[in-house]
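Participant: Attaching a single structure in structure tokens format; questions to follow.
The values are calculated or read from the model by the stated rules, or taken from the named source; none is laboratory data. Predicted, not measured: the structure shown is a model, and the values here were computed from it. Methodologically, a virtual Cβ is constructed for each residue, glycine included, from the backbone with ideal geometry; neighbour enumeration extends over all protein chains shown.
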Amino acid sequence: MNTKRWFAIIIATVLLVVSIGFQFVSSFATANFSDMFTLMDQKYEEEIIQEGMGDKIAVLYLDGVIQDTAPSTLVNTTSYNHKQFLEMLNEAGEDESVDGIILRINTPGGGVVESDEIHDKIEEIQKEKEKPIYVSMGNTAASGGYYISAPADKVIAHPATLTGSIGVIMEGYDLSELTDKWGIDFNTIKSGKHKDIMSFSRKMTNEEREILQTMVNDMYNDFVKVIVDGRGMSESKVKELGDGRVYTGSQAKKNGLVDELGSLDDTIAYMTKDYQLDDVQVVKYNEPMGFREYLGISLGSLFTKEKELFNVMDVIRESNAPRAMYLYSN
């Protein structure tokens, strides 16, 4: 390559770096820096979605897979944050100005432990703070999404909502035939014969399958009990419905898994009427826009196409071991 071509490449590279830097600085120049550090003083932000001077309803959005993992890249700042959601739920329960809570759920479910933590926090607020909690289902409120809906005082779904998927799933990979084909050997040193259970480097034994099936059955029975207690249904009825299939909101209404059909606005109207709330103010709880979020949005605007790749990388990074899930996946 001659000198002129090298010079042209260097000039182009410099211009590209300068262009990206200019866009980055410009995005920060237009930001409200006084708001960037609110995360230090404020756990959440209230956005008024219905004006009112009387009683108050707080709406909390749960979007994405329910798992206790924080986004690992600056670009990915919008995935579900388990710790933040539990804090918001707790704040709504503790806030004496809040008369009722609505959970707007749009999730295929997620981790068994995380789902149970949300379920327990809902019951705690209902018993200790005596506040009604309603659920408004979005596109999907399946498996773990239904698990956390079961104890709600009223559940409202859209007719086309996908819900149900009552059950537990545990998945892993068996790549032993592929590794044999390519002559790949694994050297595993373990303290017990089941330490590498569900390893992708070998086939699962019948004994191991029985061990895992027993675990899944125990967690499924816990799921069934949550619905029995929360929905007042018989165990036999729950098990009849709980074979893992999903239901539309209309089907769920017919079989008793949800109480009413409607939107978020309908859910607000139901709570207002049921508890005779007056001149209601409705606020939406948002995660505060701190420095990290501003930085992530700025970077995300520069790397729009790469953002989906970063999200996929987050999922891969967090799925390095098999785990039991209350999760609907198609």
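Participant: Determine if the stretch 165-174 includes at least one residue that is part of a helix (DSSP H, G or I), crowded, with 16+ Cβ neighbours inside 10 Å, under 17 Å from the mean Cα position of the chain (by Cα) and in contact (Cβ under 8 Å) with a residue 40 or more places away in the chain.
Facilitator: No, the stretch 165-174 has no match at all.
Participant: Something else: Among what's in the stretch 150-177 and is charged (D, E, K, R) and over 17 Å from Ser250 (Cα atoms), pick the residue that is modelled with the highest pLDDT.
Facilitator: Asp153
Participant: Could you check how many residues of the stretch 104-159 are in a strand (DSSP E or B), out of contact with any Ser or Thr (no Cβ under 7 Å at 6 or more places or on another chain) and surrounded by fewer than 19 Cβ atoms within 10 Å (Cβ to Cβ)?
Facilitator: 1
Participant: Select from the stretch 247-261 the residues that are over 13 Å from Pro159 (Cα atoms) and out of contact with any helix residue (DSSP H, G or I) (no Cβ under 9 Å at 6 or more places or on another chain) and list them in ascending order.
Facilitator: Hits for the stretch 247-261: nothing passes.
Participant: Name every residue in the stretch 175-219 that is surrounded by 12 or more Cβ atoms within 10 Å (Cβ to Cβ) and of a type in the set (Gly, Ala, Ser), in order of residue number.
Facilitator: Residues satisfying the conditions are Ser176, Ser199, Ser201.
Participant: Can you list the strands (runs of 3 or more DSSP E) found entirely within the stretch 233-330 that contain at least 1 residues being at pLDDT 95 or above and under 24 Å from the mean Cα position of the chain (by Cα)?
Facilitator: Passing ranges, in order: 246-248, 281-286.
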